[in-house]
Amino acid sequence: MNIYKIIERIKYHIRSVISILSCFVILGSTGCLTEIDPLTEENSTKTLVVEGGITSELKQHLVTLGLSGNVSGQNSFDPASGAVVTISDGENSYLLMEDTKSPGDYYSQEIAGEPGKSYTLNVHYNGESYQGTDTMVASEPFDPVIPAPIEPGRFLFGKHNKGFYSIELPGNFGNGKPVIYELYYDTPDDWKDNFPYSIPQRFIDRTNWQPRDTTYLIHPALETAALFEYSTTEIVGIPLFTLIRERQYFMSEAHYAFQRSVLMETDWRGVNILQSTPGNVTGNMSNGAYGFFYAMDMHELQKIIEE
Amino acid sequence: MLNIREVVKNMKQIKLMVLVLWLPIVLNAQENPKNKLIQLEIRKYTQGELMQQIEKQTGHTFGYGNISFDRAETIDINRSSISLKELVRKLFPEKDYQISWRNNKILIKSKTKTFSSNQTVQVYGYITDQSSGERLVGATIFDESTMLGASTNGYGFYSVNFPIGQTVVQVRYLGYKNLALKLHLKSDTLLNLSLAIQKQYLEEVVVTDDPGIQKIQSTENGTISLSMQKLNKMPAFAGEPDVIKTIQALPGVQTIAEGTSGYFVRGGNLDQNLILLDEAPIYNPSHILGFFSIFNQDAVKDMKFFKGHIPAKYGGRLSSLLSVRMKEGNVKKFTASGGIGLVASRLTLEAPIVKDKGSIILSGRRTYADFIWQTLSADDATKNTSVYFYDFNAKANYRLNDRNTLFISGFFGRDVNKIKVQQYAIIWGNQTGTLRWNHIFNDRLFANTSLIYSQYAYQLGLRTVDNNLKWKSLIRDYSFKVDFDYFLNSSNTLTFGVHSTFHKLNPGKTNEAPELSLSNANTLEHALYIGNETKINDRFQIEYGLRASLFQNLGPSTIYQFNEAQQVIDSGSHKGVFHNFFSIEPRIAINYQLKENTSLKASYNRTAQYLHLVSNTMLPFTTFDHWMMSNPNIEPQYADQYSVGYYRRFPDRGFNLSLDAYYKHLNNQLEVVDHAQLLMNKYIEAELRSGKGYAYGFELLAEKNVGKLQGHIGYTYAKTTRKIEGINQDATYNAPFDKPHKVDFAMIYEMNKRLTFGANWVYSSGGAITAPVETFTHQGRTVPVYGDRNNARLPDFHRLDLSMSLFRRKPNAKNQSYWVFTLYNAYGRENAAGVFTSQELDSEGVKVKDPSIQKTYKSWLFSVVPAVSYNFKF
C-alpha cells in the first residue's frame, strides 16, 4: 500500500522551512539536527500492534499483527505469529489465515464489507484476547478532479506549459469529510508520439517525471502542525490522454483521529517548528493493544485528460 | 609526634576560620560610614571649615531643617583624627539638634521647632526632559530639610506637601543632572520642572533596575524598570535589541525555546502576561514566529515589568505586566535617528508641532531579506518565497494648557509569509490606537482618561486552481478607562479608577465555506479599583488595594453542553448578556526598612483572568494560537501569589542585592488534550481540560550600576507543576516551562568614551518534555509511545552573546553615530528546540538514510550568528 504522501514532497517542504529560517539568519548559521542519546530509558513492553481492516471492495483483506519495539537502535518490530484472528459483523464471522511466507500477516477470504455495518476484529494471542470495532461510514459521491492547465511561466514549466496540468486536491483544506484519497495515473505508452506540443527539456531528459500514484489523507480542517507539510494543490505534469483513477475511502471519526494522530507523531514532527505537543496515539483495540482496526467504504471515479 | 604538615594544614584551616568569622565584622566596620576617620590639624576651626572637611573627606553633604547656626563660630580640635559621627556631634550637639543619616546626606533638624500641617502647601506639576520635553516617569522631588518628597506617576505628574517659607528642593532622575531649587512657598504652587541629561550617563549602558535607593524605600517587589537607552548596547540576536528578549533573561522568567517571543513568569502560562503598548494590550508580540518582537527600539521610551506585586490599577492577567511606553516626540526641535542592520532598517523622526506645546514622532521598521533573497537566490523555491515584516509607530501630543494635555498614539505591524510554491500566504499583525487626556483637576487630583483600540488578526490564504481561500481570525478590544491619582497628604497617595472593555473575538471564518466559520464571542469586561500607598513611618510603608471585576458574555451566541465524555448533548442560543462572572482581587504589599540600606518586603496578590490562550504547538506564539473567552463552559482563571523579599544596597561599592521568594497557586488552568484540533472546530471546548497549577521558587539578583564595569548576575530556582483531570492520567506533572535552575549574567565594560564591550551568558535547566518509552509501526511509520507527560528534560541550555559598540564620535556629540557588532551564541552551542525519534537520517537531516535504524535527534535553530548594525542620531 502506498504511503500517504510521497517522501520527496516532504523533503522538499522541510527544505523550504529551513530556507525560511536561513533568510533571517542571513549568514547561513541555520539550525539542523544532531543525534543525541535517548532522553528516557528503553521500556519496550512487546505489546500487540494491529494494522489493517475491511473495505467495501470484494477482495482478500489483510490484518497485520506485530509487537511494539524499542525507541532507538535496530528498528525491527517482531511479528505476532500464531494468533487466532476473526472479523465479525454481528451475524457472520470470518477467519483470517496467517501467510506462511510473511509471519504476522493474516488474510481473509474474498469478502466485501457493507456500509453502515459495524465490524469487530477479534484476536487471541499468547493467551490474551483483544477486540476492536469500527463502523463503515457510507461513501458519498464526489466531483472528479479538475486538472487545470499550467499557467505560462509557472514553477517548473517555464514557457513550455501546453498540455500540462495541475491538480487541486478535493478540499484538503476544510473538506469537512475525512477520506483517504488515492490517485492513479495511467499514461499511454505512446503519448510522446501523439503529443501535439513541445515538451519541456527537463521532462524529455528525465524518465521519472511522470505523476506517481499517490495516497493522501484529506483533512476536514486546517492542520497547524502540517502547514508546511501539505498543500491544496499538487503540480504535476500530466500529458494528454492520461487516465486518472480516483478512489476515496470514507473513514469513521475514530479512524480519522487515529490517522491524524499518527501523522502528528511522525511526518509532521522533526524540524517542523509548528509541530504539536507530543501525545499518545490512541487506537480502538482493547486490552492495551496499539493500532487500529478499520472499516471503510470506497468510491471510485475515472477521467481521461482530453484537450 | 606532631607532623609538620598537619600543623601547616591546621594553621591554614584556623586562618580560614578566622577569616570566615571576622569577614562579616570587617565588612560591617568597613561599610559603616559614620566610623570613618577625618584627618585634621590640631587647631581651631570654624564650623564652616569643619563641614567642608567632612564633605571633602567623606563625600557626605548636609541638609538642614529650620535651624540657624553661625558658620563662623569656632571649635577647638585637639586630635589629629576624629570619627565622622563624633565630629558631627561636636558641630551639632545632641541637646539642640536631631541628626538623621540618609545615604551620604546628614540631615540636621532643630529639636525645638516642628511644623504643623497647616504650615504646608501643595506643590505639583510635571517633570520633563529639558532637551526633548518628554515627561519623566519615576523622577523624585523632595525638600532637603524635611526630606518630604514624592515621585512622578506614570504620566510624569507629581504632587507633594512642602513647608511654607523658604526651602531648598532637590529634583532627581537616573541619568539626569540633579536639580536644586530655592523656593519661597506661600501657597499651593504649580511647578513644572525639567531636567538636563547627564552626558556621561550616555556611556553607562548596563541594564539596571531603578536606582537602588528606590528599591529599598518602595513597596515594589519583583518590579523592574528598563530604559531603551541602556538596552541598545547589549548583545542582541541579529543585532536587533529587543524588549522581550531582555525580559526573558530576567530572573523568574522562563522560555520554552530559543528565538521566541513568549515567556513564562513565576509558573504562569504564556497568556498570563499582560503586555501593554501605551496602555493598549498586545495579544501577539512576535514578528517572524518570535525571532523578533514588535517593539521598535527607536520608538520605545521605557518599560516597566511587574512579576510580583501588581497594583490594583492593573488586571486581566494572572502573572505579570509589561508596560511599554512609546516616546512622545521632541517638543524643542527636529531630530532623526535610525539604524541599518543585516535584517532590518529603521528610521524615526521627531518634531515639535508647536514648540514647547506639542510634538509628533513617527517611527518605522522593515526587514528586507526578501529583497535579497529574490535577487540573489538561484533556487525557484526561495526565489518565490516572500517573508518579511514591518511595523510603524506614531504618536503626537499637544499641551492645551497647564492642566490639560492630549496624546494620540498608534501602532501598526504586519508579518507576511508568502510561500508561492505551496500556494500559501500567512499574514498576521497587531494594530493599536490610544487617545489619552491628562487633566489636573487641582493641586492634589490628577486624571488620565483613555480610549483604547487593539486588534490582533491573522489570515491564511490558500490559492487553488479556480479561487483563493481565506481563513481569517481576530480578537479586537475597545476600551475606555479613567485613572485618578489623589495625593491626599505626604503619607498617602490614593489611586482609583474604572475600566471597561468590549472584547470581540472572531475565532475564524472563511469566504469559501461559511459552514466552517465559527461564531463570534463578544464580551464586556469592567473593573473598579481603589488603592492607597501609605507611609506609616520612616521605616514602614504599605500599599494596599482592591480590584473588583465583572465579565459578561454577550449574545447572539450559541453555547454547547457537553457530557462527561466531552460529547455534545445540547446547545442553546443566547441574546443580550447571558452570563456573568464577578471577582474580587485584593492586593497588598509592605516594606519594612530594617536599616538605611536594607529592607524586607512582602506581598499578596489575587488576580483574575477571563481570556485564555490555547495552543497545540511546541512553539510560543505561532500565529495560529486560539484566544478564548470565559463562558459557561470555561471558568475564569485565578491566581494567589505570596512573595517575600530581602533587599540590600551597598552604596559604597555600587552594588544592589535582592532575594525574592514566592509561592503561587493557580486555579482553572486550561490544557488541551493530546492531538487537540483547535482550528475550525466549533466544539473546541471539548478539547480542553481544566485544573490547578502550583509554582514556587526564589530569585537572587546582584547588580552593579556604577563604574566602568557594570552588570548583573541572577539566579532563579523555580518549580512549576500542573494537576489537571483528564491529563496525564490525572497525576501531577511538570509544566513544559518547568526549568528549575536559571543563571543569567550580563555585563558592560566601557573601555573608553568610544568603545564599549558587552556580554550576556545565560544558563538554564532543559525544559520538561514528553519522551517516548517504546514505539510501534504503522504503515511504514514508526510511532512513538510516550510515558508520563513531561517525563524527561531537554539538554541544558546555555549561550554566550558578545557585543562591541564603537562610537564614531563621543557619545554626547550633537550628531551621533555608532556601529554595534554582535556575536550571538558565540561558542556555537546547539541548544535543543525539540527532541524527536526518527528513522536514521542523512547528515542534512532530510533524507532517511537507514529505515531499519531508529535514532533520537535534537533540532536546534542557531549556531554562531554574527551581525552588525549602524546607528545614527542627529
Select from the stretch B:479-505 the residues that are among the polar types (S, T, N, Q) and crowded, with 18+ Cβ neighbours inside 10 Å and write down the one among them that is modelled with the lowest pLDDT.
B:490
Going through the stretch A:95-114 one residue at a time, which ones are part of a strand (DSSP E or B), hydroxyl-bearing (Ser, Thr, Tyr) and open to solvent by 60 Å² or more (accessible area, probe 1.4 Å)?
A:107
Within the stretch B:850-874, restricting attention to residues that are touching a helix residue (DSSP H, G or I) at 6+ places or on another chain (Cβ under 9 Å), open to solvent by less than 10 Å² (accessible area, probe 1.4 Å) and within 7 Å of chain A (Cβ to nearest Cβ), which residue is nearest to residue A:268 (Cα to Cα)?
B:862
Sole miss for residue B:440 among (1) of a type in the set (A, V, I, L, M); (2) more than 30 Å from residue B:485 (Cα to Cα); (3) modelled with pLDDT of 90 or more is condition (2)
Residue A:293 within 26 Å of residue A:44 (Cβ to Cβ) and either assigned to a strand (DSSP E or B) or of a type in the set (Lys, Arg) (or both):
yes
Can you tell me how many residues within the stretch B:784-820 are modelled with pLDDT of 90 or more and of a type in the set (Lys, Arg)?
3
Is it the case that the stretch A:167-179 has a residue that's in a loop (DSSP other than H, G, I, E, B) and modelled with pLDDT of 70 or more?
yes
Residue B:786 vs. criteria out of contact with any Leu (no Cβ under 6 Å at 6 or more places or on another chain) and more than 7 Å from every other protein chain (Cβ to nearest Cβ)
no
Quick one: in the stretch A:273-295, of everything that is facing chain B (nearest Cβ under 9 Å) and among the polar types (S, T, N, Q), which residue is farthest from residue B:785 (Cα to Cα)?
A:275
Single residue of the stretch B:408-423 satisfying the filter (open to solvent by 10 Å² or more (accessible area, probe 1.4 Å) and of a type in the set (A, V, I, L, M, F, W, C)) that is modelled with the lowest pLDDT:
B:421
Pairs needed: first member in the stretch A:268-283, assigned to a loop (DSSP other than H, G, I, E, B) and among the basic types (Lys, Arg); second member anywhere, at pLDDT 80 or above and open to solvent by less than 30 Å² (accessible area, probe 1.4 Å); C-beta distance under 6 Å; at least 6 residues apart or different chains.
A:269/B:836
I'm trying to understand the selection: among the residues of the stretch A:33-51, which are more than 7 Å from chain B (Cβ to nearest Cβ), at pLDDT below 95 and closer than 18 Å to residue A:281 by Cα?
A:46
Can you pull out the residues in the stretch B:755-779 that are of a type outside the set (Gly, Ala, Ser) and within 29 Å of the chain's Cα centre (by Cα)?
B:755, B:756, B:757, B:760, B:761, B:762, B:763, B:769
Total residues in the stretch B:506-529, condition in a strand (DSSP E or B) and either open to solvent by 60 Å² or more (accessible area, probe 1.4 Å) or not assigned by TED's automatic domain parsing to the domain that holds residue B:446 (or both)
2
Can you name the residue in the stretch B:530-554 that is surrounded by fewer than 17 Cβ atoms within 10 Å (Cβ to Cβ) and either of a type in the set (Lys, Arg) or touching a His at 6+ places or on another chain (Cβ under 6 Å) (or both) and, of all such residues, is modelled with the lowest pLDDT?
B:539
Within the stretch B:666-689, does at least one residue satisfy the condition of being under 26 Å from residue B:764 (Cβ atoms) and small (Gly, Ala, Ser)?
no
Among (1) under 20 Å from residue B:829 (Cβ atoms); (2) open to solvent by less than 30 Å² (accessible area, probe 1.4 Å); (3) within 12 Å of chain A (Cβ to nearest Cβ); (4) of a type outside the set (A, V, I, L, M, F, W, C), there is one condition residue B:774 misses while meeting the rest; what is its number?
(1)
Which one of these is surrounded by 17 or more Cβ atoms within 10 Å (Cβ to Cβ), of a type in the set (Ser, Thr, Tyr) and closer than 21 Å to residue B:531 by Cα: B:604, B:638, B:610, B:592?
B:638
Give me the residue from the stretch B:835-849 that is more than 7 Å from chain A (Cβ to nearest Cβ) and not charged (D, E, K, R) and, out of that set, surrounded by the fewest Cβ atoms within 10 Å (Cβ to Cβ).
B:843
Report whether or not residue B:740 is within 14 Å of chain A (Cβ to nearest Cβ), within 21 Å of residue B:795 (Cβ to Cβ) and not aliphatic (A, V, I, L, M).
no
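The values are calculated or read from the model by the stated rules, or taken from the named source; none is laboratory data. Just so it is clear, the structure is predicted and the values come from calculations on it, not from any experiment. For neighbour counting, all protein chains shown are included, and Cβ atoms are generated from backbone atoms with ideal geometry for every residue, glycine included. We work out accessible area using only protein heavy atoms, side chains counted, and drop any ligands, DNA or RNA first. Shrake-Rupley method; radii C 1.70, N 1.55, O 1.52, S 1.80 Å.
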